[in-house]
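First the structure, in the form of structure tokens, and then the observations on it.
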2 protein chains.
Amino acid sequence: MEIVTELNDLRKSRTALPGTLGLVPTMGYLHDGHVSLVKQAKEENDHVGVSIFVNPTQFGPNEDLSRYPRDLDRDLKLLAAAGADVVWTPTPEIVYPPSFQTYINVENVSQPLEGKHRPGHFRGVATVVAKLFNAFTPDRVYFGQKDAQQVVVIKQMARDLNFPLEIIVCPTVREADGLAMSSRNTYLNADERKAATVLYRALTAAKASFERGERDAETLRAIMSTTIAKESLAREEYVSAADPNTLAELNLIYDRVLLSMAVRIGKTRLIDNFLLP
Amino acid sequence: MEIVTELNDLRKSRTALPGTLGLVPTMGYLHDGHVSLVKQAKEENDHVGVSIFVNPTQFGPNEDLSRYPRDLDRDLKLLAAAGADVVWTPTPEIVYPPSFQTYINVENVSQPLEGKHRPGHFRGVATVVAKLFNAFTPDRVYFGQKDAQQVVVIKQMARDLNFPLEIIVCPTVREADGLAMSSRNTYLNADERKAATVLYRALTAAKASFERGERDAETLRAIMSTTIAKESLAREEYVSAADPNTLAELNLIYDRVLLSMAVRIGKTRLIDNFLLP
């Protein structure tokens with residue numbers, strides 16, 4: 001497995017890899033969710049590239065950029081074991097040199113949900129992901145369903161800008177008690193860790209109602225909110241039952257629905273979602 | 001020479017062209033300036049792709065989108081003779097389908113000069129050019145120095161977003177009397193056509209002063225303004241003596257200078273520039 005820092009070295013490594021390339025963009029501090037993406041990429045492509053970069057432009061001024069967890073040695077061992085061929089670990093100065101001034105806005109689908117609570121977040125995501133697309137020139141790029149809106153934004157950008165690649169979305173990987181794997185779970189203390197299952201419990205309760213035939217989106221949102229309210233360490237930021245393509249809130253569910261939420265557990269902000277049916 | 005409309009057909013044509021590809025993006029109604037770009041692209045690459053697309057997103061609401069000149073049959077004959085291998089002539093609906101919502105902003109260098117007088121212009125340019133980059137996946141892309149700020153914006157975007165290609169800038173091609181070739185010259189009546197040489201005359205006067213040792217940028221701007229003011233059919237929109245990289249107006253010229261201007265000749269808006277020395 002090659003590990004490169006400079007863009008030019010990545011281009012050389014890329015040129016030396018014949019056949020198809022699968023790319024897995026990450027911010028490091030890898031968990032089983034990331035590993036599942038690398039393994040699927042390895043199955044579906046001749047080679048796999050991974051980026052590890054905590055992208056400053058997708059963090060707001062009051063967010064957790066400075067304390068975002070990092071463990072590069074452990075990450076590289078996991079990636080080597082999962083079959084990655086090349087890992088790019090650029091510095092912020094390489095990705096954003098002093099003269100940097102180009103940003104990509106995906107206008108409509110970036111507005112609600114995470115976009116509303118994290119202004120500028122998806123501008124940073126779209127911009128860095130476009131840079132990764134052009135740096136790796138992959139055939140397929142792998143993202144987790146855990147970040148549901150990110151997937152919608154990136155699919156829209158790839159289509160709108162004619163990127164010659166396929167976006168592959170892989171299922172959320174969960175702990176035994178249902179908590180979606182996330183690098184940010186490391187922020188949780190023992191009590192918070194127990195309370196954090198509330199996202200999965202709220203989604204599961206709304207799903208059960210949907211499966212019993214409930215098609216009123218407001219009722220599903222109320223079920224999620226009620227579940228979150230009962231958990232004393234949790235504070236709801238939003239709950240949503242939205243169209244999976246436009247992310248507009250639904251009234252009546254005719255077809256599919258994206259149930260999603262952001263919840264504060266203490267100071268830690270967690271997100272999760274179910275795509276139904 | 002292949003002529004394709006759908007993006008998928010372009011991708012097939014592109015895949016069938018081995019070796020390097022040079023791309024020449026155009027809005028059609030081709031003149032000798034465009035032809036010179038195609039010929040240089042042909043010399044420097046195994047194959048040449050050309051796009052013909054009058055890009056609506058780079059026109060303001062009061063600009064000349066609806067009357068922009070078109071002559072596809074003539075364009076295709078000129079391109080075949082110049083050695084183009086594939087020509088993409090997409091419809092507006094192909095480039096901008098109803099769900100389209102992604103735009104690229106190159107922030108600083110898009111602000112002054114043309115950007116100030118044509119708000120949103122370079123957002124449209126950057127966005128469509130990124131789409132062309134991804135549609136053709138060229139090795140080299142050819143632009144004319146005539147659109148000096150466009151060149152700066154596109155170079156900045158290509159660098160900032162890691163596009164794996166080289167931007168090649170070719171000299172402005174001029175009529176015998178110095179008028180820079182432009183599809184918009186066709187708007188000029190006989191009297192206006194004579195007056196239109198004022199851009200070249202103003203640039204030439206400022207250049208002569210520079211070559212005599214003048215390094216005060218304001219003096220050069222004044223020389224250009226005075227020349228334009230003497231031409232009764234001409235109305236200055238702006239004159240500039242700017243840093244060629246940042247496009248910031250200069251006071252004292254230490255190194256190179258981009259002299260540029262936009263001038264109305266009757267209802268027709270023309271631009272031109274000299275890069276000195």
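The values are calculated or read from the model by the stated rules, or taken from the named source; none is laboratory data. Note that the coordinates shown come from a computational prediction; the quantities given were computed from them, not determined experimentally. Note: ideal-geometry Cβ built from the backbone for every residue, glycine included; neighbour counts use all protein chains shown.
Each row is one residue, and each column tells you yes or no for (1) touching a residue at least 60 places away in the same chain (Cβ under 8 Å); (2) closer than 22 Å to A:ALA158 by Cβ.
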position	(1), (2)
A:VAL4	yes, no
A:ASN8	no, no
A:LEU21	yes, yes
A:MET27	yes, yes
A:HIS31	yes, no
A:ASN45	yes, yes
A:PHE53	yes, yes
A:LYS77	no, no
A:TRP88	yes, yes
Flagged pairs (Cβ under 8 angstrom, 6 or more apart or on separate chains; first in the range B:121-132, under 14 Å from B:PRO164 (Cα atoms) and more than 9 Å from every other protein chain (Cβ to nearest Cβ); second at pLDDT 95 or above and in a helix (DSSP H, G or I)) are B:VAL129/B:ILE154; B:VAL129/B:MET157
Conditions (1) within 14 Å of chain A (Cβ to nearest Cβ); (2) of a type in the set (Gly, Ala, Ser); (3) buried (at least 17 other Cβ atoms within 10 Å of the Cβ) -> B:ALA84 fails only (1)
Residue set B:ASP191, B:ASP177, B:ASP160; condition without any contact (Cβ under 8 Å) to a residue 60 or more places away in the chain and over 27 Å from B:THR268 (Cα atoms); output residue B:ASP160
- Answer yes if at least one residue in the range B:200-212 is touching a His at 6+ places or on another chain (Cβ under 7 Å) and either modelled with pLDDT of 95 or more or not assigned by TED's automatic domain parsing to the domain that holds B:ILE154 (or both), and no otherwise. no
Across the range A:108-117, the tally of residues that are more than 14 Å from chain B (Cβ to nearest Cβ), buried (at least 19 other Cβ atoms within 10 Å of the Cβ) and not acidic (Asp, Glu) stands at 1
What about A:ARG256, is it basic (Lys, Arg), surrounded by fewer than 16 Cβ atoms within 10 Å (Cβ to Cβ), modelled with pLDDT of 95 or more and under 21 Å from A:GLY60 (Cβ atoms)?
-> no
For A:ARG221, the lone unmet condition from (1) crowded, with 19+ Cβ neighbours inside 10 Å; (2) touching a residue at least 40 places away in the same chain (Cβ under 8 Å); (3) out of contact with any helix residue (DSSP H, G or I) (no Cβ under 6 Å at 6 or more places or on another chain) is (2)
A careful count of residues in the range A:133-149 that are more than 10 Å from chain B (Cβ to nearest Cβ) and within 19 Å of B:LEU161 (Cα to Cα) gives 4
Assess whether B:VAL86 counts as being over 19 Å from B:ALA248 (Cβ atoms) and touching a Gly at 6+ places or on another chain (Cβ under 6 Å). yes
When restricted to B:GLN149, B:GLN101, B:GLN145, the only residue without any contact (Cβ under 8 Å) to a residue 60 or more places away in the chain and out of contact with any His (no Cβ under 7 Å at 6 or more places or on another chain) is B:GLN101
Worksheet item: Given the structure, is B:LYS230 basic (Lys, Arg), crowded, with 17+ Cβ neighbours inside 10 Å and not assigned by TED's automatic domain parsing to the domain that holds B:GLU114?
Response: no
Sole miss for B:TYR29 among (1) farther than 20 Å from B:TYR96 by Cα; (2) out of contact with any Lys or Arg (no Cβ under 7 Å at 6 or more places or on another chain); (3) of a type in the set (Ser, Thr, Tyr) is condition (2)
Filtering the range B:1-15 down to residues that are away from chain A (no Cβ under 14 Å) and either under 13 Å from B:THR137 (Cα atoms) or crowded, with 21+ Cβ neighbours inside 10 Å (or both) yields none
Inside the range B:88-113, the number of residues satisfying the requirement of being hydroxyl-bearing (Ser, Thr, Tyr), within 21 Å of the chain's Cα centre (by Cα) and assigned to a strand (DSSP E or B) is 1
Filter the range A:170-196 for residues that are of a type in the set (Val, Ile, Thr) and surrounded by fewer than 19 Cβ atoms within 10 Å (Cβ to Cβ); the one that is nearest to B:PRO98 (Cα to Cα) is A:VAL173
Over the range B:30-46, the set of residues in contact with a Ser or Thr (Cβ under 6 Å, 6 or more places away or on another chain), part of a loop (DSSP other than H, G, I, E, B) and crowded, with 20+ Cβ neighbours inside 10 Å is B:ASN45
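For every residue, the table says whether it meets (1) at pLDDT 95 or above; (2) more than 14 Å from chain B (Cβ to nearest Cβ); (3) under 27 Å from A:GLY120 (Cα atoms).
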{"position": "A:GLY19", "(1), (2), (3)": "yes, yes, no"}
{"position": "A:VAL24", "(1), (2), (3)": "yes, yes, yes"}
{"position": "A:HIS31", "(1), (2), (3)": "yes, yes, yes"}
{"position": "A:SER51", "(1), (2), (3)": "yes, no, yes"}
{"position": "A:PRO56", "(1), (2), (3)": "yes, yes, yes"}
{"position": "A:ASP73", "(1), (2), (3)": "yes, yes, no"}
{"position": "A:LYS77", "(1), (2), (3)": "yes, yes, no"}
With criteria (1) within 14 Å of chain B (Cβ to nearest Cβ); (2) surrounded by fewer than 21 Cβ atoms within 10 Å (Cβ to Cβ); (3) among the β-branched types (Val, Ile, Thr), A:ILE104 comes up short on (2)
